[in-house]
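For reference, the structure discussed in these notes is given below.
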């Protein structure tokens, strides 16, 4: 067969033969399927890689935030650790007797061993302090708002508030217990007397420090006293209000313990007196450690609530 005939035959076989056509379509279908599978695999691999990278980035961001939150406390924690190790060394070498000042390791061991014994006293102090602290916030807020709204009441009440803080709490607590008896009422009253003053004065100063032009602007727009207080005075006084709350948060546990010293059957203050009389100083210092932790807890809770409420406060 001539060359031209062979090429024509191959052309007809290639383009007209059903078998070859089916085979070619099958090859194309397989190639297309393989390409799709390869694309899907590459897409899945890309999605997995992106997810993995996003997870790593999220973990890194969380770690950075945790480090930023912990870093401000590192100097204080380092100082506390150094002092604890120093006292531990003094006790171990015999410079300080352990029955006078127990080593920190002995205090921690006593706290671990006797925690079940301390737990009822801890809970009693906690809930008495919490309720008294909330009542003091309510009383302080009412007094501050009334003094801000009525000048005559401010002139009458403000000197009495100052005079109430000149009397030492250790002196007035036995009198309160004699008047109200042994129970919860005198402890609540002692906590309120100690805690309400910083909150009340701080909130009053915050209400008085509002920009007068803002008040005049609200009045020119037809706002009444309620609207001025709600939209101008209350938001502007929140930083001062929470400053007073944070100050009082460090006092409330102290006030509760003092009230328990004077008259109570349960609480960390009562527990401290009992173990002191039995010369169990490791238990006494363990109770002191719990009191410190409770004070820190109240302070941190107040600070966390402040950050949630005052979102517009400028971070220093």
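Here's a check for you: in the stretch 96-130, which residue that is part of a loop (DSSP other than H, G, I, E, B) and outside the structural domain of residue 280 (by TED's automatic domain parsing) is surrounded by the most Cβ atoms within 10 Å (Cβ to Cβ)?
To start, the set of residues in the stretch 96-130 that are part of a loop (DSSP other than H, G, I, E, B) comprises 96-103, 114.
Going one step further and asking which of them are outside the structural domain of residue 280 (by TED's automatic domain parsing), we end up with 96-103.
On the way: 96: 15, 97: 10, 98: 13, 99: 10, 100: 8, 101: 15, 102: 24, 103: 19.
Out of the qualifying residues, it is 102.
In this structure, is residue 285 closer than 14 Å to residue 129 by Cα and assigned by TED's automatic domain parsing to the domain that holds residue 241?
Spelling it out, it is not the case that residue 285 is closer than 14 Å to residue 129 by Cα and assigned by TED's automatic domain parsing to the domain that holds residue 241.
In the stretch 80-95, is there at least one residue being touching a helix residue (DSSP H, G or I) at 6+ places or on another chain (Cβ under 6 Å) and not in a helix (DSSP H, G or I)?
no
For the stretch 285-298, how many residues are under 15 Å from residue 111 (Cα atoms) and either surrounded by 20 or more Cβ atoms within 10 Å (Cβ to Cβ) or in contact (Cβ under 8 Å) with a residue 24 or more places away in the chain (or both)? Can you show your working first?
Initially, the stretch 285-298 is screened for residues under 15 Å from residue 111 (Cα atoms), giving 285-294.
Then drop every residue that is not either surrounded by 20 or more Cβ atoms within 10 Å (Cβ to Cβ) or in contact (Cβ under 8 Å) with a residue 24 or more places away in the chain (or both), which leaves 285-287, 289-291, 294.
Residues in the stretch 285-298 being under 15 Å from residue 111 (Cα atoms) and either surrounded by 20 or more Cβ atoms within 10 Å (Cβ to Cβ) or in contact (Cβ under 8 Å) with a residue 24 or more places away in the chain (or both): 7 in total.
Which residues, counting only those in the stretch 144-173, are within 34 Å of the chain's Cα centre (by Cα) and assigned to a loop (DSSP other than H, G, I, E, B)?
165, 166, 167, 168
Consider the stretch 170-196. How many of its residues are in contact with a helix residue (DSSP H, G or I) (Cβ under 7 Å, 6 or more places away or on another chain) and surrounded by fewer than 18 Cβ atoms within 10 Å (Cβ to Cβ)?
Qualifying residue count, the stretch 170-196: 4.
Please indicate, with yes or no, whether at least one residue in the stretch 65-76 is in a helix (DSSP H, G or I) and either closer than 30 Å to residue 275 by Cα or at pLDDT 85 or above (or both).
Filtering the stretch 65-76 for residues in a helix (DSSP H, G or I) gives 65-76.
Subsequent filtering for residues that are either closer than 30 Å to residue 275 by Cα or at pLDDT 85 or above (or both) retains 76.
Yes, there is a match, as at least one residue in the stretch 65-76 is in a helix (DSSP H, G or I) and either closer than 30 Å to residue 275 by Cα or at pLDDT 85 or above (or both).
Every residue in the stretch 271-280 that is surrounded by fewer than 20 Cβ atoms within 10 Å (Cβ to Cβ) and either part of a helix (DSSP H, G or I) or outside the structural domain of residue 130 (by TED's automatic domain parsing) (or both), please.
Those that are surrounded by fewer than 20 Cβ atoms within 10 Å (Cβ to Cβ) and either part of a helix (DSSP H, G or I) or outside the structural domain of residue 130 (by TED's automatic domain parsing) (or both): 273, 274, 276, 277.
Could you list all residues from the stretch 144-182 that are farther than 18 Å from residue 260 by Cα and touching a residue at least 60 places away in the same chain (Cβ under 8 Å)?
Hits for the stretch 144-182 are 144, 145, 148, 149.
The values are calculated or read from the model by the stated rules, or taken from the named source; none is laboratory data. Keep in mind that this is a model prediction, so the values were computed, not measured. Reconstructed Cβ throughout: ideal geometry from the backbone, glycine too, with neighbour counts over all protein chains shown.
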